[in-house]
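Colleague: Please read through the structure below; I'll follow up with questions.
Values in this text are rule-based calculations from the coordinates and carry no lab data. The shown structure was predicted, so the numbers you read here are calculated from the model rather than taken from an experiment. We place every Cβ from the backbone using ideal geometry, glycine too, and count neighbours over all the protein chains shown.
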Protein chains: 2
Amino acid sequence: MTQKPDQAPAADADALPRQQRTYTIGELAQIFEVTPRTIRFYEQEGLLAPSRQGQKRIYREKDRVRLKLTLRGKRLGFSLAEIREVVMMYDAMPDGNARQLRRLLELLAEKRANLERQQEDIRLMRLEIDDVDQRARDVLRQLEKPL
Amino acid sequence: MTQKPDQAPAADADALPRQQRTYTIGELAQIFEVTPRTIRFYEQEGLLAPSRQGQKRIYREKDRVRLKLTLRGKRLGFSLAEIREVVMMYDAMPDGNARQLRRLLELLAEKRANLERQQEDIRLMRLEIDDVDQRARDVLRQLEKPL
DNA sequence: GACGAGGTTTACGTTAACGTAAAGTGCTTG
DNA sequence: CAAGCACTTTACGTTAACGTAAACCTCGTC
């Protein structure tokens with residue numbers, strides 16, 4: 001029963017060259033610490049398009065990367081709609097219409113500007129945090145001094 | 001009618017030393033490009049606590065800074081609850097209980113870690129964007145070449 | 001062949017962060 | 001003093017991003 005490596009799922013899964021590996025929804029969910037529901041929802045929103053094997057969803061490397069990018073976008077506060085916009089244009093690239101491509105470049109510039117503002121926000125917030133931290137330590141030191 | 005600088009609101013407002021300046025809700029809203037509703041909502045959520053003059057809210061420099069920090073937090077994807085947590089502990093600092101202070105330091109460390117992950121996310125997403133940008137430009141060039 | 005572990009669809013519920021509308025207060029300006 | 005603005009409270013509506021529950025397959029295993 002262990003001679004048919006047709007689609008070995010679990011045991012020697014990490015022996016495959018990764019590009020050919022497939023994932024179930026549960027596996028992906030575990031990897032990224034989200035629920036299957038979340039993954040299905042992202043599909044419904046047009047962010048993922050796994051193939052099917054009968055009724056079950058089959059995720060490939062491409063889908064895994066998509067999910068990773070989506071979650072990264074979310075951590076940065078982007079909405080699913082924004083993320084989808086970029087992802088879909090990216091997919092439409094190969095047979096790219098010139099107008100579409102220019103639009104994509106605009107979009108990318110927007111995102112870049114967004115990221116830069118975020119970097120500045122991070123820088124400032126770090127300064128604030130360091131300041132508060134310092135003051136808290138000072139107060140604490142004063143409290144512990146008169147022993 | 002222009003001799004009483006008691007609480008001059010508009011005309012020579014920028015002549016005041018800023019620390020004494022006060023703002024109406026509408027002014028603040030305009031400055032930060034949010035609606036008054038948003039500002040009231042933040043108050044309701046415990047993020048702002050303007051004084052009153054009769055029924056009207058009076059915002060001082062402190063409130064303006066609070067709002068600025070709040071909006072910065074939002075841009076970074078923090079929830080109002082998270083922001084409030086830090087803000088409230090900050091306010092409780094002066095009469096600080098040692099346990100509270102240590103808790104604050106923990107919280108700050110958390111936030112810092114969060115910011116660092118975000119920076120990494122930004123770095124990676126920039127790489128992605130630059131890559132997509134480059135490929136889009138390449139395709140575009142090929143489309144325009146055979147004139 | 002019952003069953004438990006995973007998968008599936010469908011559908012209603014929930015939370016955060018406001019938007020929007022109604023109805024009232026207070027000043028100042030023609 | 002009527003009109004208009006900017007403010008107020010109260011309350012219901014809305015959207016995004018899932019959570020949760022029910023009811024159903026399908027497969028390997030005891």
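Colleague: What is the dipole size for the stretch B:11-78, taken about its Cα centre, with +1 at each Lys and Arg Cβ and -1 at each Asp and Glu Cβ, in debye to the nearest 20?
Modeller: Result for the stretch B:11-78 is approximately 200 debye, rounded to the nearest 20.
Colleague: Determine the dipole magnitude for the protein assembly as shown: charges of +1 sit on the beta-carbon of Lys and Arg, -1 on that of Asp and Glu, nothing else is charged, the reference point is the Cα centre, and the result goes in debye to the nearest 20.
Modeller: 340 debye
Colleague: Next question. Relative contact order for chain A: what percent, with Cα pairs under 8 Å and sequence separation of 6 or more?
Modeller: Reported as a whole number, the value is 15 percent.
Colleague: Right, here's the next one. For B:R137, which inter-copy label distances result when the label point lies 7 Å beyond Cα on the Cα-to-Cβ vector, reported in nm to one decimal and in ascending order?
Modeller: For B:R137, the inter-copy label distances come out at 4.4 nm.
Colleague: Could you give the angle, 0 to 90 degrees to the nearest 10, between helix A:80-92's Cα long axis and the longest principal axis of the Cα atoms of chain A?
Modeller: 40 degrees
Colleague: Right, another one. At 7 Å along the Cα-to-beta-carbon direction for both A:R40 and A:L143, put a label point, then send me their distance in nm to one decimal.
Modeller: Simple spin-label model gives 4.9 nm for this pair.
Colleague: Okay, next question. How long is the stretch B:93-147 along each principal axis, judged by its Cα atoms, biggest number first, in Å?
Modeller: Rounded to whole Å, the extents work out to 75, 16, 6 Å.
Colleague: Next question. List the distances, in nm to one decimal, from the label point of B:Q19 to the label points of the same position in every other copy, shortest first, placing each label point 7 Å from Cα along the Cα-to-Cβ direction.
Modeller: Output for B:Q19: 6.6 nm, nearest copy listed first.
Colleague: Over 5 Å intervals from 0, what percent of Cα-Cα pairs in the protein assembly as shown sits in each interval?
Modeller: Final binned percentages: 1, 4, 9, 10, 11, 11, 11, 10, 9, 7, 6, 4, 3, 2, 1, 0, 0, 0, 0, 0.
Colleague: May I ask for the angle, rounded to the nearest 10°, between helix A:61-75 and the longest principal axis of chain A, with both axes built from Cα atoms and the value confined to 0 to 90°?
Modeller: The angle comes out at about 20 degrees.
Colleague: Dipole of chain A (Lys/Arg Cβ +1, Asp/Glu Cβ -1, origin at the Cα centre): which of A:L108, A:T24, A:A136 lies farthest to the positive side?
Modeller: Towards the positive end, the residue furthest out is A:T24.
Colleague: Set the Förster radius R0 to 22 Å, insert the Cβ-Cβ distance between B:V65 and A:E82 as r into 1/(1 + (r/R0)^6), and round the FRET efficiency to 0.05.
Modeller: The formula returns an efficiency of 0.15 here.
Colleague: Then there is this: Report, to the nearest 10°, how far helix B:98-144 tilts away from the longest principal axis of the Cα atoms in chain B, using its own Cα long axis and a range of 0 to 90°.
Modeller: Result, in degrees: 40.
Colleague: One quarter of the convex hull surface, Cα atoms only: what value does that give for chain A in nm²?
Modeller: About 15.8 nm², averaged over all directions.
Colleague: Then there is this: Compute the whole-percent fraction of alpha carbon pairs in the stretch B:11-78 spaced more than 21 Å apart.
Modeller: 21 percent
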